[in-house]
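Encoded as structure tokens, the structure appears first; notes follow it.
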Amino acid sequence: MANETANKSKDMQYIIVGVGGQGILFTSRVLGKIAIDKGLPIVGSEVHGMAQRGGSVISHFKVGSFFGPLVSDGHADVVMAFDQKEGIRNLSFLKEGGTFLVNTNCAAMFENDHLKKYIADRKIRVCKFKGFHILDEHMEGNYLFLNVLILGAAAGLKIPGFEEDRVAAALKELAPPKHIDSNLKVFGLGIKAASA
Amino acid sequence: MPVKAMLLGNEAIAGAVVASGCQVATAYPGTPSSEILPAIAAVADRLNAPTVVEWGANEKVALEMAIGASFTGARACAVMKQVGLNVAADAFMTVALYRLKGGLLLISSDDPGPHSSQNEQDSRMFAMFAKVPVLDPSDAVEAALMVKDAFAISEKYSVLTMLRTTTRVAHCRQDIEQVETFEKGNEVKFERDLSRWVSLPAIVRVSHPLHNERIEKIRSEFETEWGKYNYEIPSKTKAKLGVIVSGVCFSTLKDLMKQWCRDDISILRIGTPYPLPHKITESFLARHDKVLVLEEPYPVIETQLMNRSKVDGRWNGVVPSAGELLPELIEKIVLSEIGVEAKKPDASELKSAIEELGLTARKPQLCAGCPHRSSFFIIKKALPNAISPSDIGCYSLAINQKGVDSSLCMGASVTMASGYYLAHKETGQERAVVATLGDSTFFHMGVPGLISAVYNRHAFVLCVLDNSITAMTGGQSNPGLTGKPRKDDLGVALPIESVVRGCGVTFVETVKAYDTASGMDAIKRAWEYAKTNKTPSVLIFKHPCMLLRVPQEKISVTVDNDKCVGCRYCIDNFGCPGLSFDESAKKVSVDKRYCVSCGVCAVVCPQKAIHKVAK
């Protein structure tokens with residue numbers, strides 16, 4: 001029983017959303033690598049095919065004692081959004097008190113009264129970072145680094161499953177060798193963005 | 001100790017195919033099955049296994065190659081998506097009755113939802129129709145186990161078997177032990193045996209009853225030996241409800257049962273939907289006052305139940321007859337069966353926010369710089385009143401720029417162009433018809449339609465949008481290219497222009513997809529030629545797919561704010577993600593998050609507000 005409780009506490013459900021082509025699948029690969037290294041079971045669901053062509057993309061990812069690949073509405077511990085519109089559209093996946101990590105490019109949207117009320121009522125922890133702005137400033141506007149930036153932000157926020165040293169190790173292993181230096185640089189920018 | 005890796009369901013299946021000693025593996029790509037064949041090649045390369053891995057020009061070709069291999073004793077496997085099975089159906093329906101030699105596995109992937117398909121058909125229904133035993137996994141780990149067992153059943157009974165997956169199994173990620181070894185394949189020795197290898201009526205009159213007998217034997221095995229796939233999870237207290245469940249719905253239900261902490265629902269999981277283990281299902285029915293059937297996407301198990309008087313499912317509308325059975329829906333259905341209302345957090349504030357902010361799901365679209373966008377712009381501009389039948393592939397996304405008037409199934413652009421022509425032929429109306437299809441689709445099923453159009457003197461223009469890849473499914477090779485799945489294996493690339501000429505077409509030209517001026521001229525000439533000579537003319541629009549990332553000249557563009565009148569012409573008729581429209585300012589600007597500097601949009605603006613930037 002004690003063991004069961006211990007396992008339960010490690011159970012994590014993630015929703016990762018964005019637009020096809022933003023490199024969302026890489027984020028779940030990093031999550032998976034970290035969980036497997038810890039010896040934890042994983043199950044998740046990805047989008048391939050037509051929807052990857054610039055449309056809305058959603059990845060479900062569960063670590064711990066789960067069977068099915070899909071996260072139920074209202075049960076995600078974390079919603080990670082590469083795109084704020086997609087993030088808001090999928091916010092109902094988040095459980096009460098969950099973390100909403102979102103790349104923002106239009107702050108006005110978050111001033112919507114209904115959204116503010118929903119976030120307050122559900123006690124949602126909102127963590128915004130200006131991904132495009134950061135990449136414009138430091139990476140010559142190469143937005144393909146957005147996925148690594150969001151990993152950095154997740155690590156900076158100490159979201160379970162994104163431990164800083166483990167993400168860095170996973171990046172070194174999973175990303176193409178020629179991009180390692182830039183990836184680690186962007187990862188650092190992400191960590192900084194989270195604490196800013 | 002084997003290493004665990006995070007594998008896609010399709011990769012787990014591929015590992016098991018190689019591990020089972022499969023000697024010949026074939027496929028035609030189609031979501032959600034596409035990753036299986038390349039993964040078979042990758043595992044075979046890694047283990048240095050003697051598995052021949054090939055793309056067929058279409059699913060019928062792929063299945064028949066595997067059937068031929070099986071007749072010699074080789075263990076073989078063919079992979080396709082559910083609608084691909086329709087293309088292979090001629091072979092499938094008949095080979096079902098054959099007494100095969102080498103194990104033969106057909107993997108067919110369904111797409112409830114649908115996410116990336118033109119319908120929601122159920123391959124298990126097709127298996128029942130053809131009388132082919134089918135295994136239906138609930139997750140990636142089980143899919144891999146079932147591959148091995150499907151080969152075993154196939155060889156024990158000399159029968160074709162099917163593994164049916166769905167999108168959520170094919171594209172799930174799980175921690176799975178990587179395959180490190182593979183079984184030895186069978187001896188390859190073709191022996192003449194007309195009682196087995198031909199399908200004459202006299203032979204079918206013998207083989208069909210024999211097949212029925214072996215199906216009953218397999219049914220009784222599914223009732224006993226294969227209990228690992230068909231089993232009950234009884235409730236701890238008297239069950240208010242029995243649920244018969246298969247596929248990924250079973251995994252979902254297990255998660256929900258944990259969440260609910262209920263002990264009054266019992267579950268019968270069925271992993272072999274055809275032939276259905278009747279003794280198991282009937283016993284379960286007898287012991288429950290009320291039974292719900294959850295399966296995707298069609299009622300295959302439900303239809304086979306002997307007595308449905310206490311069964312809830314699709315027949316009485318308790319389970320919706322279309323769409324995916326997502327966790328929230330399964331929760332609602334199951335709980336309402338036992339009189340409990342599903343608890344849902346109040347999301348009305350969020351709903352209002354989404355409405356006020358005007359947030360809708362982003363539609364899939366052609367990539368920035370996609371040569372198809374340019375080709376469709378050319379076609380529409382040159383012949384604005386043409387009827388534009390298109391096909392299955394990325395180019396169907398040109399619907400966003402009104403470049404597509406109809407689509408149906410693989411190859412139907414060509415044949416329906418014939419139909420549009422024929423319908424107008426005796427009416428005296430003149431209507432241009434311009435069909436579009438991709439390189440892989442042309443080889444798949446475009447050729448017979450083209451031959452028929454030449455023979456019958458049909459006037460239309462066929463545009464083959466050759467981006468040197470099978471793009472929508474993730475970038476597979478096709479007969480127009482030399483690439484093959486296994487390392488160091490090279491094919492012969494067939495030039496599309498020669499194939500078209502070989503079909504009897506007398507007007508064939510290749511144009512650069514980015515060259516709008518030449519393209520427009522070619523389209524007009526092609527239609528004039530077709531009309532005058534009563535024959536199809538063919539244009540090949542060539543430019544590599546953006547996903548191939550072939551280096552190309554960068555031509556930056558900018559929008560002159562003074563000239564832009566906010567008419568949205570570029571947005572509605574070109575629709576590139578690299579151009580964005582500011583609703584409040586009523587101006588277009590270049591969105592550098594997406595723009596790849598192909599430069600094509602510079603010709604699009606009627607006000608000439610989009611300029612190329614001088615280097």
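Overview of results
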{"read-out": "Residue match in region A:133-145 (condition: closer than 20 Å to A:Ala76 by Cβ, more than 14 Å from chain B (Cβ to nearest Cβ) and either over 19 Å from the mean Cα position of the chain (by Cα) or open to solvent by less than 20 Å² (accessible area, probe 1.4 Å) (or both))", "value": "no"}
{"read-out": "Answer residue from region B:402-415, given it is open to solvent by 10 Å² or more (accessible area, probe 1.4 Å) and touching a helix residue (DSSP H, G or I) at 6+ places or on another chain (Cβ under 6 Å) and is farthest from the other protein chains (Cβ to nearest Cβ) among those", "value": "B:Thr415"}
{"read-out": "Output for region B:325-338, where each listed residue is open to solvent by less than 30 Å² (accessible area, probe 1.4 Å) and part of a loop (DSSP other than H, G, I, E, B)", "value": "B:Leu325, B:Ile338"}
{"read-out": "Any hit, region B:416-429, residues being among the β-branched types (Val, Ile, Thr), part of a helix (DSSP H, G or I) and surrounded by fewer than 24 Cβ atoms within 10 Å (Cβ to Cβ)", "value": "no"}
{"read-out": "Residue in region A:112-123 that is under 28 Å from A:Ile42 (Cβ atoms), modelled with pLDDT of 95 or more and within 11 Å of another protein chain (Cβ to nearest Cβ) present", "value": "yes"}
{"read-out": "Matching entry among B:Thr473, B:Thr535 (being within 24 Å of the chain's Cα centre (by Cα), open to solvent by less than 40 Å² (accessible area, probe 1.4 Å) and farther than 30 Å from B:Ser589 by Cβ)", "value": "B:Thr473"}
{"read-out": "Number of the condition not met by B:Cys370 [criteria: (1) within 12 Å of chain A (Cβ to nearest Cβ); (2) touching a residue at least 60 places away in the same chain (Cβ under 8 Å); (3) touching a Ser or Thr at 6+ places or on another chain (Cβ under 6 Å)]", "value": "(3)"}
{"read-out": "Any hit, region A:96-113, residues being touching a residue at least 40 places away in the same chain (Cβ under 8 Å), open to solvent by less than 20 Å² (accessible area, probe 1.4 Å) and part of a helix (DSSP H, G or I)", "value": "no"}
{"read-out": "Any pair with Cβ under 6 angstrom, 6 or more apart, that starts in region B:39-61 at a residue that is charged (D, E, K, R) and ends at one that is assigned to a strand (DSSP E or B) and open to solvent by less than 40 Å² (accessible area, probe 1.4 Å)", "value": "B:Glu54/B:Thr26; B:Glu59/B:Met80"}
{"read-out": "Odd one out for B:Ile233, checked against (1) in contact with a Ser or Thr (Cβ under 6 Å, 6 or more places away or on another chain); (2) closer than 28 Å to B:Val147 by Cβ; (3) open to solvent by 10 Å² or more (accessible area, probe 1.4 Å); (4) aliphatic (A, V, I, L, M)", "value": "(1)"}
{"read-out": "Residue match in region A:8-16 (condition: touching a residue at least 24 places away in the same chain (Cβ under 8 Å), β-branched (Val, Ile, Thr) and more than 10 Å from every other protein chain (Cβ to nearest Cβ))", "value": "yes"}
{"read-out": "Hey, A:Lys85 facing another protein chain (nearest Cβ under 10 Å), crowded, with 17+ Cβ neighbours inside 10 Å and either within 12 Å of the chain's Cα centre (by Cα) or assigned to a strand (DSSP E or B) (or both) or not", "value": "no"}
{"read-out": "Any hit, region A:70-80, residues being facing chain B (nearest Cβ under 10 Å), at pLDDT 95 or above and surrounded by 24 or more Cβ atoms within 10 Å (Cβ to Cβ)", "value": "yes"}
{"read-out": "Extreme residue, nearest to B:Asp346 (Cα to Cα), among residues of region A:120-132 that are among the hydrophobic types (A, V, I, L, M, F, W, C) and either open to solvent by less than 30 Å² (accessible area, probe 1.4 Å) or in a strand (DSSP E or B) (or both)", "value": "A:Ile124"}
{"read-out": "Residues located in region B:267-308, provided they are assigned to a loop (DSSP other than H, G, I, E, B), among the basic types (Lys, Arg) and in contact with a helix residue (DSSP H, G or I) (Cβ under 9 Å, 6 or more places away or on another chain)", "value": "B:Lys290, B:Arg308"}
{"read-out": "Residue that is farthest from the other protein chains (Cβ to nearest Cβ) [pool: residues in region B:225-263 that are under 24 Å from B:His278 (Cα atoms) and over 34 Å from the mean Cα position of the chain (by Cα)]", "value": "B:Lys238"}
{"read-out": "Residue pairs meeting the criteria (Cβ under 8 Å; at least 6 apart or on separate chains; first on the phi > 0 side of the Ramachandran plot, in region B:515-538; second open to solvent by less than 70 Å² (accessible area, probe 1.4 Å))", "value": "B:Lys534/B:His458; B:Lys534/B:Ala459"}
{"read-out": "Residue in region B:334-356 that is away from chain A (no Cβ under 14 Å), touching a residue at least 24 places away in the same chain (Cβ under 8 Å) and more than 30 Å from A:Gly74 (Cα to Cα) present", "value": "no"}
{"read-out": "Residue match in region B:171-182 (condition: within 14 Å of another protein chain (Cβ to nearest Cβ) and in contact with a Phe, Trp or Tyr (Cβ under 8 Å, 6 or more places away or on another chain))", "value": "yes"}
{"read-out": "Breaking point among (1) surrounded by fewer than 18 Cβ atoms within 10 Å (Cβ to Cβ); (2) touching a Leu at 6+ places or on another chain (Cβ under 6 Å), for B:Cys503", "value": "(1)"}
{"read-out": "Residue satisfying condition, being in contact (Cβ under 8 Å) with a residue 60 or more places away in the chain and among the hydroxyl-bearing types (Ser, Thr, Tyr), within set B:Thr415, B:Thr427, B:Thr436, B:Thr441", "value": "B:Thr436"}
{"read-out": "Where a residue in region B:23-35 is within 14 Å of chain A (Cβ to nearest Cβ) and its partner, wherever it lies, is among the basic types (Lys, Arg), with Cβ under 9 Å and at least six apart", "value": "B:Pro29/B:Lys81; B:Gly30/B:Lys81; B:Thr31/B:Lys81; B:Pro32/B:Lys81; B:Pro32/B:Arg168; B:Ser33/B:Lys81; B:Ser34/B:Lys81"}
{"read-out": "Where a residue in region B:315-331 is more than 14 Å from chain A (Cβ to nearest Cβ) and its partner, wherever it lies, is open to solvent by less than 30 Å² (accessible area, probe 1.4 Å) and of a type in the set (Asp, Glu), with Cβ under 6 Å and at least six apart", "value": "B:Val318/B:Asp312"}
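Okay, residues lined up against (1) more than 27 Å from B:Pro2 (Cβ to Cβ); (2) touching a Leu at 6+ places or on another chain (Cβ under 8 Å):
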site: B:Val83; (1), (2): yes, no
site: B:Val95; (1), (2): yes, yes
site: B:Phe151; (1), (2): no, yes
site: B:His171; (1), (2): no, yes
site: B:Gln174; (1), (2): no, yes
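Matching residues to (1) in contact with a helix residue (DSSP H, G or I) (Cβ under 6 Å, 6 or more places away or on another chain); (2) modelled with pLDDT under 95; (3) open to solvent by 30 Å² or more (accessible area, probe 1.4 Å); (4) within 11 Å of another protein chain (Cβ to nearest Cβ):
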residue	(1), (2), (3), (4)
B:Val147	yes, no, no, no
B:Ala150	no, no, no, no
B:Tyr157	yes, no, yes, no
B:Leu163	yes, no, no, no
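The values are calculated or read from the model by the stated rules, or taken from the named source; none is laboratory data. Everything numeric here is computed off the predicted structure, so don't read it as measured data. Every residue, glycine as well, gets a Cβ built from its backbone with ideal geometry; the counts of neighbours run over all protein chains shown. We work out accessible area using only protein heavy atoms, side chains counted, and drop any ligands, DNA or RNA first. Shrake-Rupley method; radii C 1.70, N 1.55, O 1.52, S 1.80 Å.
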